[in-house]
1. Measuring from label point to label point, each 7 Å out along Cα→Cβ, what is the Phe25 to Arg40 span in nm?
2. Which is farthest toward the positive dipole end of the chain among Ile71, Thr59, Leu49, measuring Cα position about the Cα centre, with Cβ charges +1 (Lys, Arg) and -1 (Asp, Glu)?
3. Students sometimes get this wrong: rank Phe31, Phe25 by accessible area, probe 1.4 Å, all chains present, largest first.
4. Could you tell me what percent of the accessible area of the range 1-79 is made up of carbon and sulfur, with a 1.4 Å probe and every protein chain present?
5. With +1 on the Cβ of every Lys and Arg and -1 on the Cβ of every Asp and Glu, and nothing else charged, how large is the dipole of the chain about its Cα centre, in debye rounded to the nearest 20?
6. Using only the alpha carbons, work out the radius of gyration and Dmax of the chain in angstrom.
7. Under the 0.36 nm per residue contour assumption, what length would be gained going from the current alpha-carbon distance of Leu13 and Arg64 to full extension?
8. Relative to the present Cα-Cα distance, how much length would full extension add between Thr47 and Ile71 at 0.36 nm per residue of separation?
Amino acid sequence: MKVYLDKNGEKILIGRADVPEGLPFFDVELFGSSSMITDRFTIGSVTHLHAGQPPFVETAVIVRPGQYAEILPGWQPLSA
């Protein structure tokens, strides 16, 4: 799934991660598999508007400032 940073309401594509479809959020367990300490990532929609084309909406992981996308499973940063 694509991963976007939500920076002041603007969604910026930053990479991809192996997050399953169909969830309203995705919890990453920290400090082991049975940890009660987690980081919750929002799964939301990103709408793309291009002149002369209908809007395209995709489901993606939305990272807020201060979260580390690097801890998502299968993290692949956007190539520079």
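1. Spacing of the two 7 Å Cα→Cβ label points: 0.1 nm.
2. Of the options given, the answer is Leu49.
3. My answer, sorted largest first, is Phe31, Phe25.
4. Numbers: 3020 of 5400 Å².
Solvent-exposed carbon and sulfur of the range 1-79 make up 56 percent of the total.
5. Working: 6 positive and 9 negative charges, 45 e Å.
Dipole size: approximately 220 debye.
6. For the chain, the Cα-based Rg and Dmax read 13.6, 50 Å.
7. 17.1 nm
8. Using 0.36 nm per residue and subtracting the Cα-Cα distance, I get 6.1 nm.
The values are calculated or read from the model by the stated rules, or taken from the named source; none is laboratory data. Quick caveat, the model's predicted, so the values are computed rather than measured. Every residue, glycine among them, receives a Cβ derived from its backbone with ideal geometry; neighbour counts consider all protein chains shown. The accessibility values were calculated without ligands, DNA or RNA, using every heavy atom of the protein model including side chains. Shrake-Rupley method; radii C 1.70, N 1.55, O 1.52, S 1.80 Å.
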